[in-house]
């Protein structure tokens, strides 16, 4: 897991068709719209995903910010829920589930001056390159300052003291670029799995601690010849 500070507010939440009022259910749980979580991420630093010992990292536009910033529309959809439970100390335990479909994904090789080796970045697509789109499922659990309080961005949650768990699974079929060592346009797949357990025994509050992420996988697979 790593971070990239490129944030521009651009996505209209109303266009997502997911705005609604919070509702209360059993066990003092409050269901908030997923837009409450997407909103803070539209101007926040991105979180990119890595694997120890692997020079490649994955970029997943699960909030639509990168595409929207370039004026791109892939017909992406976002749905999910936010469930909030009040805690005795006045804070709130928040569980988020976000499913993003047809979102931009690509992989970058840090050993080659950050060359894009799979798919294309949003600026490259804007310039005419083909977009690689995939689906992602993000779930996380964290403690917020109070019930009903504004939700922080994913960056703030993961690199802050309140995160409990995070799980990301993403897949995209697309094409490799010549920088990967195969002919440009070779078909392939990107698969990302990231599992963070911040409340595991022995965690000292340092998000970079090895035992926090027992699963960090960035897999690139060649599926055939061009």
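Of note:
- For residue 167, the criteria (1) part of a strand (DSSP E or B); (2) at pLDDT below 95; (3) surrounded by 18 or more Cβ atoms within 10 Å (Cβ to Cβ) hold in every case but one, which is (3).
- Those residues of segment 55-80 which are surrounded by fewer than 16 Cβ atoms within 10 Å (Cβ to Cβ) and in a strand (DSSP E or B), in sequence order: 55, 77, 79
- In the set 135, 184, only one residue is within 30 Å of residue 93 (Cβ to Cβ) and either free of Cβ contacts under 8 Å to residues at least 40 places away in the same chain or part of a loop (DSSP other than H, G, I, E, B) (or both); that residue is 135.
- Condition check for residue 142: in contact with a helix residue (DSSP H, G or I) (Cβ under 9 Å, 6 or more places away or on another chain) and either surrounded by fewer than 20 Cβ atoms within 10 Å (Cβ to Cβ) or in a loop (DSSP other than H, G, I, E, B) (or both): no
- Taking the conditions (1) at pLDDT 95 or above; (2) exposed (fewer than 14 other Cβ atoms within 10 Å of the Cβ) in turn, residue 214 satisfies each one other than (1).
- Here is the figure for segment 79-108: residues that are in contact with a helix residue (DSSP H, G or I) (Cβ under 7 Å, 6 or more places away or on another chain) and farther than 19 Å from residue 47 by Cβ total 0.
- Top-ranked residue of segment 83-95 - restricted to ones that are in contact with a strand residue (DSSP E or B) (Cβ under 8 Å, 6 or more places away or on another chain) and surrounded by fewer than 23 Cβ atoms within 10 Å (Cβ to Cβ), ranked as nearest to residue 63 (Cα to Cα): 95
- Only one of the numbered conditions (1) at pLDDT 95 or above; (2) over 21 Å from residue 97 (Cβ atoms); (3) surrounded by fewer than 18 Cβ atoms within 10 Å (Cβ to Cβ) is not met by residue 132, and that is (3).
- Residues of segment 109-126 classified as under 12 Å from residue 66 (Cα atoms) and touching a helix residue (DSSP H, G or I) at 6+ places or on another chain (Cβ under 6 Å), total: 1
- Residue identified as modelled with pLDDT under 90 and buried (at least 16 other Cβ atoms within 10 Å of the Cβ) among 160, 196: 196
- Those residues of segment 91-130 which are farther than 28 Å from residue 34 by Cα and not in a helix (DSSP H, G or I), in sequence order: 108, 109, 113, 114, 115, 116, 117, 118, 127, 128, 129, 130
The values are calculated or read from the model by the stated rules, or taken from the named source; none is laboratory data. As the structure is a computational prediction, the values presented were derived from the model and not from experiment. Cβ: placed from backbone, ideal geometry, glycine included. Neighbour counts: every protein chain shown.
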